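Q: Would you mind keeping the following structure in view while I ask a few things?
The values are calculated or read from the model by the stated rules, or taken from the named source; none is laboratory data. Predicted model, so just to flag it, every value in this text is computed and none were measured. Glycine also receives a Cβ, built like all others from the backbone with ideal geometry; neighbour counts cover every protein chain displayed. Remember, those area values only see protein heavy atoms, side chains included, never the ligands or the DNA or RNA. Shrake-Rupley method; radii C 1.70, N 1.55, O 1.52, S 1.80 Å.
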Amino acid sequence: MPLKNNNKMKNISQQFNSGFEPFKALLIYRHTKEEEINQFQRNERETQIYVESYDIGINGKPVNAHPLSVKEMSALADLLQTSQDLKGGYLKSRALLPLNVLYVNQQGNGYAVWYSPPREVTLFFTGNLNIPSGRFKIPAMVWKANAEHVSVYAVKGKQRPAGNTALQHAPYLNIYNSGQVCMGTVNIAISKTECLEDFMSLWEQYFFNSQFSHSISGNHNTRTNTTDLWRTLAGTGRDFPQDELIKTGYTLKNIII
């Protein structure tokens, strides 16, 4: 799915090995001893910690062993605090949870599930499809995404979905039968620092600002040939025909668990 707009953000994770090099190593020593407090109390364990710092010299070898300095401790504390801030901020709402949010899991890779109502959007198609890009009315959608992948589904009607709501295949090109979107050459740059609102907005921008290029499901995401359907809807301003939607066999509850 090629990227349509030119405002690309870069993901530097692939450059990590060549762009970063080690410069510091820490060795943590632990000493535990038992101490009798008095005749009426049991022995008490006392653990002491000593941290030794090494600079990284030529060929990656640790050199210049020395006790961890105050300056180094301060830098380490700042780093650990930043890591904690990032962990707590990912997929966290800025204020009250947005009404379109259906589920959020901040554990591990973390993911969010949200709903978007029927609306009019701009869709882009590659030239070989012979479908004019432009404004189209689309059905309600359910989105499920982590920082790397997004899956989309359609929902009939205008009501906010509940756990037992049947999910329909998203009626688009570049969609696998499972609902996962093939983003093709789109450079996804969503970090683990994104708050929930920005996370959802970024995924919707990636999806709608890229070009639909081909069918993965054999044009079977709708009852009519999917490519032909969008060709007939182009420029008409018609509501998306609900009877074109096909059930996936999933309910909302199935994709949350």
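Q: Does the range 84-91 contain at least one residue that is farther than 22 Å from residue 191 by Cα and either modelled with pLDDT under 75 or surrounded by 11 or more Cβ atoms within 10 Å (Cβ to Cβ) (or both)?
A: Scanning the range 84-91, I find no residue that is farther than 22 Å from residue 191 by Cα and either modelled with pLDDT under 75 or surrounded by 11 or more Cβ atoms within 10 Å (Cβ to Cβ) (or both), so the answer is no.
Q: Looking only at the range 134-160, which residues are closer than 19 Å to residue 185 by Cβ, open to solvent by less than 60 Å² (accessible area, probe 1.4 Å) and assigned to a loop (DSSP other than H, G, I, E, B)?
A: Residue satisfying the conditions is 147 alone.
Q: Let me ask something else. Taking the range 96-107, which residues are at pLDDT below 90 and either more than 15 Å from residue 192 (Cβ to Cβ) or surrounded by 10 or more Cβ atoms within 10 Å (Cβ to Cβ) (or both)?
A: 106
Q: Further question: Can you tell me which of (1) touching a Lys or Arg at 6+ places or on another chain (Cβ under 7 Å); (2) modelled with pLDDT of 95 or more; (3) open to solvent by 50 Å² or more (accessible area, probe 1.4 Å) is the one residue 187 doesn't meet?
A: Here residue 187 meets the rest and fails (2).
Q: Given the criteria open to solvent by less than 30 Å² (accessible area, probe 1.4 Å), in a helix (DSSP H, G or I) and either closer than 29 Å to residue 107 by Cβ or not basic (Lys, Arg) (or both), does residue 240 qualify?
A: Here the answer is no, as residue 240 does not meet what is asked.
Q: Restricting to the range 211-231, what's the tally of residues that are open to solvent by 80 Å² or more (accessible area, probe 1.4 Å) and either over 14 Å from residue 177 (Cβ atoms) or part of a helix (DSSP H, G or I) (or both)?
A: Qualifying residue count, the range 211-231: 2.
Q: Among the residues of the range 88-106, write down those that are farther than 15 Å from residue 144 by Cβ and within 12 Å of the chain's Cα centre (by Cα).
A: 90 - this is the single residue of the range 88-106 that is farther than 15 Å from residue 144 by Cβ and within 12 Å of the chain's Cα centre (by Cα).
Q: For the range 108-127, give me the residue count where each residue is touching a residue at least 24 places away in the same chain (Cβ under 8 Å) and surrounded by fewer than 16 Cβ atoms within 10 Å (Cβ to Cβ).
A: The qualifying residues number 4.
Q: Working carefully through the options 173, 167, find the one that is farther than 22 Å from residue 254 by Cβ and open to solvent by less than 10 Å² (accessible area, probe 1.4 Å).
A: One residue alone meets the criteria, 173.
Q: Return the only residue of 208, 199 being open to solvent by less than 30 Å² (accessible area, probe 1.4 Å), closer than 16 Å to residue 102 by Cβ and touching a residue at least 12 places away in the same chain (Cβ under 8 Å). Write out each step before concluding.
A: On the way: 208 fails: closer than 16 Å to residue 102 by Cβ.
None of the others qualify; the one that does is 199.
Q: Here's another thing I want to ask about it. Would a scan of the range 50-60 turn up a residue that is touching a helix residue (DSSP H, G or I) at 6+ places or on another chain (Cβ under 9 Å), over 30 Å from residue 138 (Cα atoms) and either of a type outside the set (Gly, Ala, Ser) or at pLDDT below 75 (or both)?
A: Yes, the range 50-60 contains at least one residue that is touching a helix residue (DSSP H, G or I) at 6+ places or on another chain (Cβ under 9 Å), over 30 Å from residue 138 (Cα atoms) and either of a type outside the set (Gly, Ala, Ser) or at pLDDT below 75 (or both).
Q: Right, something else. Does the range 218-229 include one or more residues that are touching a Cys at 6+ places or on another chain (Cβ under 9 Å), at pLDDT 95 or above and among the β-branched types (Val, Ile, Thr)?
A: The answer is no, given that none of the residues of the range 218-229 is touching a Cys at 6+ places or on another chain (Cβ under 9 Å), at pLDDT 95 or above and among the β-branched types (Val, Ile, Thr).
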